[in-house]
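To start, the structure itself, in structure tokens.
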Amino acid sequence: MNSMRKAKKFFFFILTQGIILIFLLAHSLYQIHADQSWLEEKKRMVRDLELTDLCLFTEANYTRHLTQADRHTAFQNSPLALEHFPSGSILLPPEHLKK
Amino acid sequence: MEGWERQKNILDFSLSSLLRRKGKNLALVFVYTLLVFTLASVLFFTHAIKREASLILQDSPELIVQKSIAGRQEQIPLRYLEPIQKIRGVQSGRGRLWGYYYDPIIGANYTLMVPEKQTLESGKISIGQGISKTRLVFPGDTMEFRSHDGMLLQLQIQQVFPSESELIASDLILLAEDDFRRLFGGSREYATDLTLRVRNQRELPTIALKIAEMFPDTRIILREEILRTYESIFNWRGGMMVFILVGALLAFIIFAWDKASGLSLEERREIGILKAVGWETSDVLLLKFWEGTIISLSSFLMGIIWAYAHVFFTSAALLAPALKGWAVLYPEFKLTPFIDFSQVATLFFLTVVPYTVATIIPSWRAATIDPDSVMRT
């Protein structure tokens with residue numbers, strides 16, 4: 001009897017995790033739906049203000065506006081060039097500079 | 001039904017067997033969960049940010065024309081606009097005014113921009129949430145800027161952008177054209193760059209080519225390139241990302257190798273005894289399969305759950321220090337939980353399946369040896 005309980009406990013444990021995962025999936029779908037109005041608002045801001053970049057790395061000009069960066073900056077001379085700012089170790093050079 | 005009972009009995013035995021080496025197996029589950037957690041956090045974060053970028057930057061300018069002198073971007077003469085607008089397919093165009101301002105008080109760079117549609121009175125500004133929080137300034141307060149000629153320019157805050165917009169406007173300051181010119185100087189005949197809207201998307205490359213022929217000193221950035229940049233921004237080949245992935249992968253290989261390279265003496269003896277009391281090779285393999293599944297499935301599920309909570313409930317608090325770098329003004333944004341299920345499935349097949357297989361192979365070798373010789377060793 002005691003050993004039966006262990007298998008049941010394990011199934012219960014996996015089932016609980018499965019339920020949590022389903023809950024998270026539902027949360028993801030709900031949140032995507034709930035964020036729609038804000039996504040639309042952000043899209044509107046991008047359109048009206050003619051923005052080009054995400055405000056992710058504010059360390060340097062070329063990491064702030066990654067798509068507008070020119071070839072003059074350190075790490076963009078080559079993908080392997082040494083970079084001054086920590087962001088450069090995370091980011092890849094912009095697509096149009098890699099051509 | 002009988003088969004199911006057999007599975008349950010073997011599962012019971014597996015759990016008891018794992019619990020006999022509780023310390024070792026709990027450590028194993030902890031490391032395994034941590035591994036899945038790290039990988040899943042990176043995957044969830046990068047996918048969500050890429051997806052959000054592709055959605056909100058869809059409406060960024062279709063074509064940007066910058067003037068380039070000696071490899072650096074310079075101000076572009078507004079007279080370039082007239083011939084460009086005459087190119088067939090160009091719907092509209094305007095000179096965009098934007099730039100950076102370094103604030104020595106907090107040591108941060110702001111992005112200053114003159115909006116086209118929003119008409120701000122001279123002397124008024126709208127600022128991003130990041131600036132408001134870092135400088136502790138709110139609507140009605142004034143901010144001082146030192147202009148190009150050393151004069152102090154006082155601008156009153158009219159509006160602070162909502163915190164939901166931090167991902168695009170945390171460091172943004174909108175101001176009137178007059179204030180921009182007073183702050184940075186320069187002629188009214190020039191703009192920072194030109195933005196164009198076109199009628200037909202398919203004509204974009206042709207229009208870009210025509211502009212490049214007309215003005216060889218310009219650099220043209222297409223919206224497609226903007227979107228592609230953000231698509232590849234956290235590419236797996238990118239700097240730290242590759243180290244996280246390689247580190248985690250190596251840890252997993254050591255992990256699986258340790259399992260696959262052989263069983264401990266105690267485990268071999270256990271298999272020997274089981275065979276001596278009448279267990280068949282298939283039973284032993286089933287036992288080991290369940291042992292591998294219990295550890296890998298529990299760790300995988302826990303890792304995924306914690307990773308989701310970490311990225312979407314705590315705004316990737318553990319990844320943030322790496323992303324912040326030296327930034328003074330870092331946006332606090334909550335990502336929309338876009339999940340790529342194929343990534344989760346890949347992670348499952350890269351972690352759970354090899355681990356389970358790695359547990360079975362040495363057990364199969366041990367299970368096929370004579371029980372007597374195993375017990376005597």
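FYI, it's all coordinate maths here, none of it is from the lab. Being a predicted model, the structure only gives us computed values, none of them experimental. For neighbour counting, all protein chains shown are included, and Cβ atoms are generated from backbone atoms with ideal geometry for every residue, glycine included.
First check a/c for the stretch B:101-243, with a ≥ b ≥ c the square roots of the eigenvalues of its C-alpha gyration tensor; if it is under 1.5, answer rounded, and if not, answer prolate when a/b is larger than b/c or oblate otherwise. Because a/c hits 1.5 or more and a/b fails to exceed b/c, the stretch B:101-243 counts as oblate. Cα centroids of the stretch B:115-187 and the stretch B:31-67: 28 Å apart. Would you be so kind as to identify which of B:Leu43, B:Val29, B:Ile56 lies farthest towards the positive end of the dipole of the stretch B:8-81, taking Lys and Arg as +1 and Asp and Glu as -1 on Cβ and the Cα centre as origin? Positive-end residue among those listed: B:Val29. Here the stretch B:249-372 is treated with +1 on each Lys and Arg Cβ and -1 on each Asp and Glu Cβ, and its dipole about the Cα centre works out to around 400 debye.
With +1 assigned to the C-beta of every Lys and Arg and -1 to the C-beta of every Asp and Glu, and no other charges, what is the dipole magnitude of chain B about the Cα centre in debye, to the nearest 20? Could you put the intermediate results ahead of the total?
Working: 40 positive and 39 negative charges, 81 e Å.
Magnitude of the dipole: close to 380 debye.
Distance between the 7 Å Cα→Cβ label points at B:Leu209 and A:Arg44: 3.9 nm. Computed from backbone phi with θ = phi - 60° and the Karplus coefficients 6.51, -1.76 and 1.60, the 3J(HN,Hα) list for the stretch B:14-21 is 4, 4, 5, 4, 5, 5, 5, 10 Hz; x is used for glycine and proline.
Between A:Lys9 and B:Arg202, what's the calculated FRET efficiency when r is the beta-carbon distance and R0 is 56 Å? Round to 0.05. Provide the component values of the computation, followed by the final result.
Working: r = 61 Å, r/R0 = 1.10.
Given R0 = 56 Å and the Cβ-Cβ separation, E is 0.35.
To test your reading of the geometry: what angle, between 0 and 90 degrees and rounded to tens, separates the Cα axis of helix B:239-260 from the longest principal axis of chain B? With both axes taken from Cα atoms, the answer is about 0 degrees. Divided by 2.2 N^0.38 Å, where N counts the residues, the Cα radius of gyration of the stretch B:72-120 comes to 1.59.
For chain B, the alpha-carbon radius of gyration amounts to 1.47 times the rule-of-thumb value 2.2 N^0.38 Å expected for a compact globular protein. Of the residues B:Ile305, B:Ile339, B:Ile56, the one that moves most in a GNM of chain B with alpha-carbon contacts below 10 Å is B:Ile56. Residue by residue, the stretch B:143-150 carries 3J(HN,Hα) couplings of 10, 9, 10, 8, 7, 4, 9, x Hz when phi is fed to the Karplus relation 6.51 cos²θ - 1.76 cosθ + 1.60 (θ = phi - 60°); x denotes Gly or Pro.
Close amide-amide hydrogen proximity is noted between B:Glu74 and B:Lys67, B:Ser68, B:Ile69, each under 5 Å apart and 5 or more residues distant or on a separate chain (H modeled in the peptide plane; Pro and chain starts excluded).
Projecting the Cα atoms of B:Pro331, B:Thr359, A:Phe11 onto the dipole axis of the protein assembly as shown, where Lys and Arg carry +1 and Asp and Glu carry -1 at the beta carbon, places B:Thr359 farthest toward the positive end.
Both radii are taken from the alpha-carbon atoms of the protein assembly as shown; with Rh as the Kirkwood radius, Rg/Rh is 1.13.
On a full-extension model of 0.36 nm per residue, what is the gain between B:Leu249 and B:Ile106, subtracting their alpha-carbon distance, rounded to one decimal in nm? Mind dumping the intermediate values first?
Working: separation 143, 0.36 × 143 = 51.48 nm, distance 4.03 nm.
Contour length minus Cα-Cα distance gives 47.5 nm.
Between B:Ala27 and B:Glu280, the simple spin-label model (points 7 angstrom out along Cα→Cβ) gives 3.7 nm. Were the residues from B:Ser163 through B:Ser187 laid out at 0.36 nm apart, the gain over their Cα-Cα distance would be 5.1 nm. Please give the FRET efficiency for B:Ile273 paired with A:Gln31, using the beta carbon to beta carbon distance and R0 = 30 Å, rounded to the nearest 0.05. That gives a FRET efficiency of 0.05. In the structure displayed, which of B:Lys24/B:Lys275; A:Lys6/B:Lys275; B:Lys86/B:Lys334; A:Lys9/B:Lys24; B:Lys67/B:Lys133 lie more than 32 Å apart, Cα to Cα? Result: B:Lys86/B:Lys334; B:Lys67/B:Lys133 exceed 32 Å. Along the stretch B:198-210 the Karplus relation, 6.51 cos²θ - 1.76 cosθ + 1.60 evaluated at θ = phi - 60°, assigns HN-Hα couplings of 10, 6, 10, 4, 6, 8, 3, x, 5, 4, 4, 5, 5 Hz to successive residues, with x for each Gly and Pro. Summarising the label geometry, the points placed 7 Å from Cα in the beta-carbon direction at B:Ala345 and B:Glu225 lie 3.6 nm from one another. Dipole magnitude for the protein assembly as shown: computed about the Cα centre from +1 point charges on Lys and Arg Cβ and -1 point charges on Asp and Glu Cβ, it is near 920 debye. Positive-end ranking of B:Leu222, B:Pro205, B:His148 along the dipole of the stretch B:130-227, with charges on Cβ about the Cα centre, is headed by B:Pro205.
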